[in-house]
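Peer 1: Dumping the structure here so I can ask a few things about it.
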Amino acid sequence: MSVKEELIRQIPNLRAFAVSLCGNAERADDLVQEALMKAWASIDMFEAGTNMRAWLFTILRNVYYSDFRKKRREVEDADGKMAANLSTHPEQIGHLDMVDFREALGKLAADQREALILVGASGFSYDEAAEICGCAVGTVKSRVNRARTRLAELLALQSGADYGPDHYSRSVVDARKF
């Protein structure tokens with residue numbers, strides 16, 4: 001597979017990671033585009049035979065944090081009027097669960113959220129996530145464990161059955177069992 005084909009093959013994974021980092025699909029597309037441009041510009045630095053996916057995720061992560069550092073000094077919509085006009089009310093309970101999850105995910109420490117997304121959502125091994133984050137494997141394992149524990153606390157989950165179909169959906173499913 002050519003380098004170009006491998007770059008293209010990774011776009012959906014990069015986009016999913018970018019959305020989970022910034023929480024905005026349009027911003028995520030911009031991050032992916034910038035990361036791919038940086039990767040293409042420095043493709044000669046990529047060592048053949050190494051993990052292209054991890055290399056691209058590292059570039060994307062660095063782009064995100066560089067932009068984050070720049071933008072944290074910026075103040076947008078200080079009075080909140082614009083944000084109030086853009087908000088919509090969720091129409092389904094499942095949507096509310098997802099909103100709660102995203103909010104809880106946003107409350108995690110950045111390093112824990114990043115580790116959880118890489119391992120839990122993006123399918124990287126602990127070793128690969130450690131390489132992307134530039135830390136020890138044990139550190140990634142610890143971050144993922146603390147992130148999962150904190151998410152359960154924030155979402156007030158007692159067991160796996162607490163998350164998933166709401167009681168209305170469960171009653172419909174259970175009613176189908178004769």
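The values are calculated or read from the model by the stated rules, or taken from the named source; none is laboratory data. Being a predicted model, the structure only gives us computed values, none of them experimental. Ideal geometry is used to build each Cβ from the backbone, glycine not excepted, and the neighbour counts take in all protein chains shown. To get the accessible areas, we keep the full protein, side chains included, count just its heavy atoms, and leave off ligands, DNA and RNA. Shrake-Rupley method; radii C 1.70, N 1.55, O 1.52, S 1.80 Å.
Peer 1: If Asp77 satisfies every condition in (1) open to solvent by 50 Å² or more (accessible area, probe 1.4 Å); (2) modelled with pLDDT of 90 or more; (3) touching a helix residue (DSSP H, G or I) at 6+ places or on another chain (Cβ under 6 Å) but one, which is the exception?
Peer 2: The single condition Asp77 does not satisfy is (2).
Peer 1: Another question, if that's okay. Looking at the stretch 42-54, is at least one residue under 19 Å from Asp111 (Cβ atoms), modelled with pLDDT of 90 or more, in a helix (DSSP H, G or I) and out of contact with any Ser or Thr (no Cβ under 6 Å at 6 or more places or on another chain)?
Peer 2: Restricting attention to the stretch 42-54, the residues satisfying the condition of being under 19 Å from Asp111 (Cβ atoms) are 54.
When the remaining residues are screened for being modelled with pLDDT of 90 or more, the result is 54.
From what is left, the residues that are in a helix (DSSP H, G or I) are 54.
Retained after the next criterion (residues that are out of contact with any Ser or Thr (no Cβ under 6 Å at 6 or more places or on another chain)): 54.
The answer is yes; a qualifying residue exists.
Peer 1: If you check every pair at least six apart or on different chains, which have Cβ atoms under 6 Å apart with a residue in the stretch 28-55 that is open to solvent by 70 Å² or more (accessible area, probe 1.4 Å) first and a residue that is assigned to a helix (DSSP H, G or I) and modelled with pLDDT of 90 or more second?
Peer 2: Note: pairs meeting the criteria are Lys38/Ile59.
Peer 1: Among the residues of the stretch 134-178 satisfying the criterion of being in a helix (DSSP H, G or I), among the hydrophobic types (A, V, I, L, M, F, W, C) and over 19 Å from Leu108 (Cα atoms), which is modelled with the highest pLDDT?
Peer 2: Val137
Peer 1: Among what's in the stretch 1-23 and is free of Cβ contacts under 8 Å to residues at least 40 places away in the same chain and outside any helix (DSSP H, G or I), pick the residue that is least open to solvent (accessible area, probe 1.4 Å). Even if it seems obvious, please write down each step before you answer.
Peer 2: Residues of the stretch 1-23 that are free of Cβ contacts under 8 Å to residues at least 40 places away in the same chain, as a first pass: 1-2, 4-5, 8-9, 11-12, 15, 19.
Add one more test, that the residue is outside any helix (DSSP H, G or I), and what stays is 1-2.
Working: Met1: 153, Ser2: 55 Å².
Restricting to residues being free of Cβ contacts under 8 Å to residues at least 40 places away in the same chain and outside any helix (DSSP H, G or I), the top hit is Ser2.
Peer 1: Can you confirm whether Tyr64 is touching a Cys at 6+ places or on another chain (Cβ under 8 Å), under 19 Å from Leu21 (Cα atoms) and at pLDDT 90 or above?
Peer 2: yes
Peer 1: List the number of the failed condition for Ile117; all other conditions in (1) assigned to a helix (DSSP H, G or I); (2) more than 20 Å from Met52 (Cβ to Cβ) hold.
Peer 2: Every condition holds for Ile117 apart from (2).
Peer 1: Just checking, how many residues over the stretch 108-127 are at pLDDT 90 or above and farther than 17 Å from Tyr65 by Cα?
Peer 2: 5
Peer 1: Whether any residue in the stretch 128-145 is over 23 Å from Phe68 (Cα atoms), acidic (Asp, Glu) and surrounded by fewer than 15 Cβ atoms within 10 Å (Cβ to Cβ) is what I want to check.
Peer 2: Among the residues of the stretch 128-145, not one is over 23 Å from Phe68 (Cα atoms), acidic (Asp, Glu) and surrounded by fewer than 15 Cβ atoms within 10 Å (Cβ to Cβ), which makes the answer no.
Conditions tested, residue by residue: (1) at pLDDT 90 or above; (2) among the acidic types (Asp, Glu); (3) under 20 Å from Asp127 (Cβ atoms); (4) in contact with a Leu (Cβ under 8 Å, 6 or more places away or on another chain).
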| position | (1), (2), (3), (4) |
| --- | --- |
| Val32 | yes, no, no, yes |
| Ala35 | yes, no, no, yes |
| Lys38 | yes, no, no, no |
| Phe68 | no, no, no, no |
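Peer 1: Would you please name the residue that is farthest from Thr58 (Cα to Cα), looking only at residues in the stretch 117-127 that are of a type in the set (A, V, I, L, M) and open to solvent by less than 20 Å² (accessible area, probe 1.4 Å)?
Peer 2: Checking each candidate, the answer is Ile117.
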